[in-house]
Each structure stands twice: as structure tokens, then as C-alpha cells.
1. Answer yes if at least one residue in the stretch 211-218 is more than 14 Å from the ligand (Cβ to nearest atom), without any contact (Cβ under 8 Å) to a residue 60 or more places away in the chain, part of a loop (DSSP other than H, G, I, E, B) and assigned by TED's automatic domain parsing to the domain that holds residue 299, and no otherwise.
2. Let me spell it out: the conditions are (1) more than 16 Å from the ligand (Cβ to nearest atom); (2) crowded, with 21+ Cβ neighbours inside 10 Å; (3) part of a strand (DSSP E or B), and residue 237 meets all of them except one. Which number is the exception?
3. Consider only pairs whose beta carbons are under 6 Å apart and that are at least six residues apart or on different chains; among these, list those whose first residue lies in the stretch 140-157 and is in the same structural domain as residue 172 (by TED's automatic domain parsing) and in contact (Cβ under 8 Å) with a residue 60 or more places away in the chain and whose second residue is in a helix (DSSP H, G or I) and within 13 Å of the ligand (Cβ to nearest atom).
4. Going by the conditions given, is residue 207 more than 16 Å from the ligand (Cβ to nearest atom), in a loop (DSSP other than H, G, I, E, B) and buried (at least 18 other Cβ atoms within 10 Å of the Cβ)?
5. For residue 197, which of the numbered conditions (1) in contact with a Pro (Cβ under 8 Å, 6 or more places away or on another chain); (2) over 14 Å from residue 274 (Cα atoms); (3) not in a helix (DSSP H, G or I) fails to hold?
6. Regarding the stretch 182-191, can at least one residue be identified that is more than 12 Å from the ligand (Cβ to nearest atom), among the polar types (S, T, N, Q) and over 23 Å from residue 238 (Cβ atoms)?
7. Among the listed residues 259, 275, identify the single one that is part of a helix (DSSP H, G or I) and over 14 Å from residue 202 (Cα atoms).
8. If residue 137 passes every condition in (1) under 22 Å from residue 276 (Cα atoms); (2) of a type in the set (Gly, Ala, Ser); (3) assigned to a loop (DSSP other than H, G, I, E, B); (4) within 16 Å of the ligand (Cβ to nearest atom) but one, which one does it miss?
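The values are calculated or read from the model by the stated rules, or taken from the named source; none is laboratory data. Model, not experiment: these values are computed from the prediction. For neighbour counting, all protein chains shown are included, and Cβ atoms are generated from backbone atoms with ideal geometry for every residue, glycine included.
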Amino acid sequence: MRYDDSPPPPESASSVSPDRPWFARRPALAVALASLAPTCLAVWVLTQVLAGPGSDAPRPAGARLAGASPGAAADAKPSASAGGPSAAPAAAPAKGPLTGRTVVIDPGHNTGNFKHGREIDRQVDIGTHRKECDTTGTTTNSGYMEAEFSLDVAHRARALLEAKGAKVVLTHDGERPWGPCIDERARIGNEAAADAVVSVHADGVSSGNRGFHVILPARVKGGAADTAKIVGPSRDLGERLASNFARTTGSSPANYLGSGTGLVVRDDLGGLNLSTRPKVFIECGNMRDDKDAAQLTSPEWRQKAAQGIADGITGFLGG
Ligand code: ZN
């Protein structure tokens with residue numbers, strides 16, 4: 001189901017062209033080569049395909065090969081097929097306790113959102129009500145962006161989970177100019193049939209407010225939103241995330257909400273309301289507090305944060 005009302009996007013370069021392969025459109029050459037040595041033709045064609053966009057080999061205008069144009073996905077309008085979920089690295093997954101399990105990690109915001117106010121301000125349907133497509137996220141006082149932080153932690157958590165055998169999908173990987181919208185972020189987890197989904201954030205409240213908190217979905221029902229089936233498992237996921245995050249980072253639960261539990265329930269987040277899979281958000285600290293910011297800007301601390309997130313997910317999945 002599409003939640004936006006924009007026209008269908010142009011065909012993406014990431015999709016396979018329905019046209020005949022370009023070499024098949026050159027019958028004279030193909031026949032000549034085929035009549036000489038069919039095996040050589042196959043090798044030659046394979047070479048051309050593998051050579052990719054950096055090759056000097058001629059390619060007729062309009063011919064498309066999957067992934068031939070690295071910039072095209074970012075130029076295309078966002079949709080499920082353009083700028084969609086990022087595939088895990090091509091390397092064969094490790095065998096481990098999470099083999100066969102799928103984890104979706106949602107890096108909050110996008111560094112490009114600041115330049116795309118009109119696009120991210122567009123209202124989307126989150127079932128219970130309508131809300132902005134996405135937000136810019138916050139920054140530290142020195143300008144380190146929440147979107148940079150969340151993507152970095154997502155990469156680190158992905159590596160840890162893949163090492164345990166999980167299939168990991170990111171909702172975006174810096175390949176698109178803005179977004180995804182919150183409804184699409186939820187949809188990516190749903191369509192991946194994720195066993196667990198974690199949206200990574202850092203908060204932006206006044207200095208002196210410190211610590212992390214995990215946001216759990218409230219029980220909501222309205223439109224496409226119905227969280228009845230995920231409230232329980234999401235709480236389990238969230239509690240494991242909070243305890244492991246505290247252990248690996250040494251951080252305390254937030255001192256400004258959640259009554260010291262590090263857990264908060266919300267009914268206004270589209271990414272939770274529209275999820276059909278166990279899902280939580282984690283706010284790893286307060287970017288506007290200098291002591292928290294010193295941690296959030298440290299690669300070593302971010303590795304600990306990712307470890308806590310990965311351990312929490314692993315515990316939830318029984319790995
Ligand atoms: Zn955020």
C-alpha cells in the first residue's frame with residue numbers, strides 16, 4: 001500500500017530493465033560472434049556486464065544494467081523501489097546463533113533532511129493521524145548531526161549482528177537525499193518480516209538532561225495502525241535493549257523522563273504505530289548536553305552503544 005499521493009516514480013536504475021539485454025539488440029554482431037564461438041560470446045558478454053559503468057565498452061543509449069548508475073537511486077523519487085531498504089553487504093553471511101533471523105535497523109533521520117524541508121514536512125498517514133514525513137533530527141552544540149550518529153551506530157550494530165549470522169537490513173544507508181518518510185521506515189520492517197526492528201536516535205533537549213531511553217509502542221488502533229500484537233514483544237525487546245545498553249556503555253537511564261527506568265511508551269510515532277513487527281526506538285543520549293555529547297561524538301563510545309543494541313537484539317532473539 002502506498003501512503004503518499006505522489007505519482008508513480010520513474011523506473012529506477014536499481015530495477016532490472018524489462019527490455020531485452022543490450023547485446024541482444026545487436027543481432028549482426030551477436031550472430032557473427034555466435035557463429036564463430038558461442039562460448040566466447042558468453043564470456044565476452046559476461047565480461048561486459050561485470051565491467052560495469054567504469055568500462056570503456058560501448059553501451060547503446062538507454063541500455064540499463066542493474067546498478068549501472070550509482071547516482072540514479074538518489075535522483076529518483078523515493079518509493080519502495082527507489083532508495084528503499086539497503087541490502088546487506090554481498091559477502092556470504094556468517095553462520096551463527098542468529099542465522100535465519102532478520103533484523104531491521106532504522107538510522108533516525110538523514111543528513112540531507114536539513115536541505116529538504118519541503119519534502120520532509122509533507123504530511124503522511126500514520127494510521128492514528130497525519131504527521132510530517134520525517135524531521136531533521138538534532139545536533140550537538142558543535143554541529144555533529146544526529147543523522148550522522150544514527151547511521152554510524154547502525155553500521156556498527158549491523159556488523160556485530162551479521163557476525164552472529166543475522167540478515168540485517170537498514171532502512172537507508174546515506175544513499176538518498178532525504179528520508180525515508182516515517183511510514184516507509186515502518187513498511188520496510190514489515191515487508192522484511194523482521195524479527196526485530198530498532199530505530200536509532202539521540203535526543204536534543206536542554207543541557208543537564210542526560211542518559212538514554214528506549215521508546216516502546218503504545219497500544220493504538222486506527223487506520224493502518226494496530227499495535228496490539230507487537231506491544232508485548234516490543235516491551236521485551238526494549239527492556240533487553242535498555243539493560244544491555246546500560247551495561248556496555250556505562251550510561252544511566254534518562255534523568256528527565258521514564259522515572260529512571262530508561263523506558264517510555266509513546267503513541268505518536270508513526271514508525272511504531274505502523275509497525276507490525278516488534279520494534280522500539282532508542283535515544284542513546286542528549287546531544288545538547290556537553291557530557292553526553294562527549295560520549296556520542298566518540299567512535300569508541302559508539303562502538304559500545306552498538307554492542308549494547310546488538311546484544312539486546314540477540315538476547316531478544318534467543319541467540
Ligand atoms: Zn531522532
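1. Yes, there is a match, as at least one residue in the stretch 211-218 is more than 14 Å from the ligand (Cβ to nearest atom), without any contact (Cβ under 8 Å) to a residue 60 or more places away in the chain, part of a loop (DSSP other than H, G, I, E, B) and assigned by TED's automatic domain parsing to the domain that holds residue 299.
2. The failed condition is (3).
3. Cβ pairs passing all conditions: 149/296.
4. no
5. That leaves (2) as the condition not met.
6. No: the stretch 182-191 contains no residue that is more than 12 Å from the ligand (Cβ to nearest atom), among the polar types (S, T, N, Q) and over 23 Å from residue 238 (Cβ atoms).
7. Residue meeting the stated conditions: 259.
8. Among (1) under 22 Å from residue 276 (Cα atoms); (2) of a type in the set (Gly, Ala, Ser); (3) assigned to a loop (DSSP other than H, G, I, E, B); (4) within 16 Å of the ligand (Cβ to nearest atom), residue 137 violates only (1).
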